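The values are calculated or read from the model by the stated rules, or taken from the named source; none is laboratory data. Note that the structure is a prediction, hence the values are computed from the model and not measured. Don't worry about glycine lacking a Cβ; one is built from the backbone with ideal geometry, like all the others, and counts go over all protein chains shown.
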Amino acid sequence: MKWWQLALAAGAAAGLLTAQPVFAADSQVIRNEWQDEHLGPGVARWVDEDGNVWDQPGVRPDMADAAGGNGTEADENGTAEAGGGGTQENTADGVPTGDGVPSGDGASQPAAEDAAQETERIIDPSKPMVALTFDDGPYGPVGNRILDCLAQYNGRATFYVVGERVPAEAAEMQRIVAEGHEIGNHTYSHKYLNKLNTAQIRQEIDRCADTVQSVCGVRPATVRLPGGNKNATVLAAVQEPIVLWNVDTLDWKTRNAQQTVSAVLDHVQDGDIILMHELYQASGDAALQIIPELTNRGYQLVTVSEMAQYRRGGLQNGQIYYSMKPQ
């Protein structure tokens, strides 16, 4: 018996796995595939060959230790977007077609030459640009690798952080701000906002913003909805600009650096907002290939707010942004 089969047996004995097989809409038993994959990593669960459901969302048992290469990932907090903002993070209102729809440890200090580059950095609106976004951090072991690479290539990115994870990664958060990157609001505890009432939605957003401000002195200007999930209550309650994405790497699902690299480099276009996650070593490995290659291709790596400023004249409350293509 394989190790993960033993783990499944142990999990079943501990009551961690469901006892009943799962059926698809056409009454076919689901085997060796994802249940509710379209709902994203915070919901999707792996169903094994016996029809048992793996308890942890977004995690396949045969990938559990292999994820990230060293088997050490941050606590997923039940989101496996650890994983959120990501994935086919469900856009329940339909497939996005436009860009503006109404509605820790090991942190390395930037070198002196990097500081000099910062003052020389010029964004040319006539040249292609993309916004790399990293959800579900902060997580220093991965985030600092990404920051090192961005510093090397004088790029900027946007980090959509989960508020309850911020205090433990204060050094990384302060580095993000010091090096000119943007921090976005990914709620305090990564709850799907379409399942909450107005007061609960505002609590998730405001508590995250308050925590970020207390740790690094800035308040996030934009919000990314966990899973991309929204309804009329969410759109009425979220007063800030909502930033989603148009390039989904599915890095939470594949945990494979080369597949993540291909998801970006095979499809990238001017004005894209690219979704990745900070919690996986494989995603960090991918970023270290993506960042230099995008730079070599002539893309400017900018924050979401920078791209909005040059492409849309700034962000507007009551708008949802999927991308910012040239107009």
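Observations on the model:
- The residue that is modelled with the lowest pLDDT, counting only those in segment 269-282 that are in a loop (DSSP other than H, G, I, E, B) and closer than 17 Å to residue 190 by Cβ, is 279.
- When we screen 232, 237 for residues that are in contact with a helix residue (DSSP H, G or I) (Cβ under 9 Å, 6 or more places away or on another chain), over 19 Å from residue 161 (Cα atoms) and not β-branched (Val, Ile, Thr), the only hit is 237.
- Some residue of segment 287-306 being closer than 23 Å to residue 140 by Cβ, in contact with a Ser or Thr (Cβ under 8 Å, 6 or more places away or on another chain) and of a type in the set (Gly, Ala, Ser): no
- Out of 222, 233, sole residue that is hydroxyl-bearing (Ser, Thr, Tyr) and either in contact with a Phe, Trp or Tyr (Cβ under 6 Å, 6 or more places away or on another chain) or crowded, with 18+ Cβ neighbours inside 10 Å (or both): 222
- Taking segment 144-163 as the range and being under 13 Å from the mean Cα position of the chain (by Cα) and either within 19 Å of residue 214 (Cβ to Cβ) or surrounded by fewer than 24 Cβ atoms within 10 Å (Cβ to Cβ) (or both) as the test, the residues that pass are 159, 160, 161, 162.
- Output for segment 212-242, where each listed residue is closer than 17 Å to residue 138 by Cα, out of contact with any strand residue (DSSP E or B) (no Cβ under 9 Å at 6 or more places or on another chain) and β-branched (Val, Ile, Thr): 215
- Conditions (1) in a loop (DSSP other than H, G, I, E, B); (2) modelled with pLDDT of 95 or more; (3) not hydroxyl-bearing (Ser, Thr, Tyr): number failed by residue 285: (1)
- Within segment 272-315, considering residues that are under 21 Å from residue 251 (Cα atoms) and of a type in the set (Asp, Glu), the one surrounded by the fewest Cβ atoms within 10 Å (Cβ to Cβ): 293
- When the helices (runs of 4 or more DSSP H) confined to segment 159-268 are screened for residues that are more than 24 Å from residue 148 (Cα to Cα), those reaching at least 1 such residues are found at 198-216, 232-237, 251-254.
- Positions within segment 134-143 being more than 19 Å from residue 222 (Cβ to Cβ) and crowded, with 22+ Cβ neighbours inside 10 Å, in sequence order: 139, 140, 142
- Evaluated against (1) out of contact with any Asp or Glu (no Cβ under 6 Å at 6 or more places or on another chain); (2) surrounded by 20 or more Cβ atoms within 10 Å (Cβ to Cβ), residue 318 falls short on exactly one condition, (2).
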